[in-house]
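Derivation of every value follows stated rules applied to the coordinates shown; laboratory data play no part. In this text, all values refer to a predicted model and were calculated from it rather than measured experimentally. When we count neighbours, we look across all protein chains shown, and the Cβ atoms used for this are built from the backbone with ideal geometry, even at glycine.
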Amino acid sequence: MPAISPFVTEVDFASGDLSAPDYIIQRKLSDMAAMYADAGEAARILAEEGDRLIYEVQGMELPAEEGQIPHCTTRILPGRIGDEYHMTKGHYHARREQGEVYFGLSGRGCLVMQTEAGETSVQEMVAGSAAYVPPYWAHRTVNVGDEDFVFFSVWEARAGHDYGTIERDGFRKLVLLRDGGPAVVDNAKYA
Ligand code: PAN
Ligand code: ZN
C-alpha cells in the first residue's frame, strides 16, 4: 500500500526556500576546507575571518525505496576561497547507475561532472537550465556569479550518496577565477 500521499511544495526561486522542508542542511567552509585547491587560504579564512556558510540544501525526505523521487533545492552563496568559486562537496551516487536532473532557478553556475573512466564535462547553468546528470557521472555545482546560485534537484530514492570517493580523490577539473571570469582548469592534485 502506498505510504506517501501526494503533496505540493512551494519553491522560492531566488532563495531556494521551500514552504515546509523536511530537512535543511548547511555546509560551511569548516565542513569542506580540505576540498578546496588552496588549503592554506581556506585555513587562513577560518583562522582570521571565521567560518562561512558555503551552501544550503532544503529538501523533501522520502523513503529509500524503488520509485520514490526525492527532490530538493540547493543555494550556493557567492564567493571564492582564493581563486576557487564556492561549490558543493560533490559526489557519485552510491548506486552508480542512477542519474539525476538539475533545474536552474536563479543565479549563474557551473555543473562539473566526471566518470571513473576519466571523462569530464563542465556545463553552464542559469535560471531555466535543465541539466541532465547521466548514470555513472559524479557531480558538483559551482557558483560563478555575484548572487546566490539556486537550483532544484530530482533523483531516485535508492541512488544514495558516495562522498568518500570525491573527498579522497577530488574532481579532475576545477572552476577558478582567471582574467576576471570563471575558467575550467585541470586539478594538479587529482589523485
Ligand atoms: C543534489 C546535491 C546537493 C548538495 O541534491 O545533494 O546539490 O550537493 P552535495 O550533496 O554534493 O553536498 C544531488 O546531487 N543529489 O543527489
Ligand atoms: Zn546527486
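Per-residue 3J(HN,Hα) values for the stretch 56-68, derived from phi via the Karplus relation 6.51 cos²θ - 1.76 cosθ + 1.60 with θ = phi - 60°, read 9, 10, 10, x, 10, 7, 9, x, 7, 10, 3, x, 6 Hz in sequence order (x marks Gly and Pro).
In a Gaussian network model over the chain where Cα atoms closer than 10 Å are linked, find which of 88, 165, 74 has the largest mean-square fluctuation. Of 88, 165, 74, the most mobile in the Gaussian network model is 165. Sites listed here are trypsin sites (Lys or Arg not before Pro) in the stretch 80-165 whose DSSP assignment is loop and whose Cβ has at most 13 other Cβ atoms within 10 Å: 95. Computed from the alpha carbon atoms alone, the convex hull of the stretch 92-136 holds 63 Å³ per residue.
Checking every one of the chymotrypsin sites (Phe, Trp or Tyr not before Pro) in the stretch 101-191 against DSSP loop status and a limit of 16 other Cβ atoms within 10 Å picks out 163, 190.
Helix-only arithmetic for the chain: the sum of -39500 (n - 2.57) across DSSP H runs with n ≥ 4, divided by the residue total, places the mean residue ellipticity at 222 nm at -2500 deg cm²/dmol. Shown here is the pair-distance distribution of the chain: with all Cα-Cα distances grouped in 5 Å bins from zero up to the longest one, the shares run 1, 8, 16, 20, 21, 17, 9, 5, 2, 1, 0, 0 percent. Beyond 18 Å, what share of the Cα-Cα pairs of the stretch 95-191 remains, rounded to the nearest whole percent? Result: 48 percent of Cα pairs exceed 18 Å. A simple count of charges around residue 156, restricted to other residues whose Cβ falls under 9 Å of its Cβ and scoring Lys, Arg +1 and Asp, Glu -1, yields 0.
Centre-to-centre, using Cα atoms only, the stretch 131-183 and the stretch 24-94 are separated by 10 Å.
Restricting the stretch 1-100 to GluC sites (Glu not before Pro) that sit in a DSSP loop and have at most 12 other Cβ atoms within 10 Å of their own Cβ leaves 10, 49, 61, 65, 66, 97.
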